[in-house]
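**Q** I'd like to ask some things about the structure below.
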Amino acid sequence: MSMSTQSLLIFLLIGLVAGFLASLVVGGGGLIRCLLSGIIGAFVGGFLFNALGISLGIENALVVQIIHATVGAIVVVLIARAIA
């Protein structure tokens, strides 16, 4: 497995976990919906945490990425519900 394939699979797995956690918080369902909200949430969460200068103080990069993506996915789902 090449590094780019491995990176893509890890990114998708983080998105899936984040989408699942966000669906537990705000409700929702479906594998594809969790994956999409998690992937979009990863970008939104990373942007928000960097823009606001929030540092979690956690050394494990994977956990930090999951937290960022989960918060971003929650924001994405809430904004989508507000628009719809």
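**Q** Residue by residue through the range 43-57, which ³J(HN,Hα) values in whole Hz follow from phi under the Karplus form 6.51 cos²θ - 1.76 cosθ + 1.60 (θ = phi - 60°), with glycine and proline marked x?
**A** Result, ordered by residue: 5, 5, x, x, 5, 5, 5, 5, 5, 8, x, 8, 10, 7, x Hz.
**Q** Pop out the ³J(HN,Hα) list for the range 15-27 in order, Karplus 6.51 cos²θ - 1.76 cosθ + 1.60 with θ = phi - 60°, rounded to Hz; leave Gly and Pro as x.
**A** Calculated HN-Hα couplings, in order: x, 5, 5, 5, x, 5, 5, 5, 5, 5, 7, 10, x Hz.
**Q** Quote the relative contact order of the chain in percent (integer), defining contacts as alpha-carbon pairs under 8 Å separated by 6+ residues.
**A** That works out to 35 percent.
**Q** Find how much the distance from MET3 to VAL63 grows on full extension, using 0.36 nm per residue of separation minus their present alpha carbon separation; answer in nm with one decimal.
**A** Computed gain between MET3 and VAL63 is 19.6 nm.
**Q** Quick one: accessible area per residue over the chain, 1.4 Å probe, rounded to a whole number of Å²?
**A** Heavy-atom accessible area per residue stands at 65 Å².
**Q** I'd like the FRET efficiency for LEU13 and PHE43, computed as 1/(1 + (r/R0)^6) with the beta carbon distance as r and R0 of 22 Å, rounded to 0.05.
**A** Working from the Cβ atoms, E equals 0.90.
**Q** Also, quick follow-up: Taking only C-alpha pairs under 8 Å that are 6+ residues apart, what is the relative contact order of the range 1-46 in percent?
**A** Relative contact order for the range 1-46 comes out at 42 percent.
**Q** May I ask you to compute the full-extension gain from LEU36 to ARG81, defined as 0.36 nm times their residue separation minus their alpha-carbon distance, rounded to one decimal in nm? All intermediate terms of the calculation are to be shown ahead of the outcome.
**A** Details: separation 45, 0.36 × 45 = 16.20 nm, distance 1.48 nm.
Additional length available on full extension: 14.7 nm.
The values are calculated or read from the model by the stated rules, or taken from the named source; none is laboratory data. A quick note: this is a predicted structure, and the numbers were derived from the prediction, not measured. FYI the Cβ positions are ideal-geometry reconstructions off the backbone, even for glycines, and counts take in every protein chain you see. All accessible areas refer to the heavy atoms of the entire protein, side chains included, with ligands and DNA or RNA removed. Shrake-Rupley method; radii C 1.70, N 1.55, O 1.52, S 1.80 Å.
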